[in-house]
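Below is one structure, written out as structure tokens; comments come after it.
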Amino acid sequence: MADRLTIQVVYAGVSSHQVIDLELPPGSTALNAVERSRLTELPELAAQNQWELGIFGRKCQPHTLLEAG
């Protein structure tokens, strides 16, 4: 098992997009990645308490564990 997971968190909004590279420990979830990316601080996301999440374009739940690959 890897010591760290190398991932990208991507936000694609109507007028902007962001790509954030992160390293997270094994056992991290999709929600952990979003929180660590700090994308929730963007004005268009800050007012929301729920987001559509996906891994490789497929919807996932916030508690979905991240894996390498």
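Of all residues in the range 3-23, count the ones that are in a loop (DSSP other than H, G, I, E, B), farther than 15 Å from residue 69 by Cβ and open to solvent by 50 Å² or more (accessible area, probe 1.4 Å).
Number satisfying all stated conditions: 3.
What about residue 31, is it touching a residue at least 60 places away in the same chain (Cβ under 8 Å) and closer than 22 Å to residue 59 by Cβ?
no
Quickly run through the range 24-69 and pick out the residues that are among the acidic types (Asp, Glu) and in a helix (DSSP H, G or I).
Those that are among the acidic types (Asp, Glu) and in a helix (DSSP H, G or I): 35, 41, 44.
The values are calculated or read from the model by the stated rules, or taken from the named source; none is laboratory data. What you see is a predicted model, and the numbers here were worked out from it, not measured in a lab. Cβ: placed from backbone, ideal geometry, glycine included. Neighbour counts: every protein chain shown. Just so you know, the surface numbers come from the protein's heavy atoms only, side chains and all, with ligands and any DNA or RNA stripped out. Shrake-Rupley method; radii C 1.70, N 1.55, O 1.52, S 1.80 Å.
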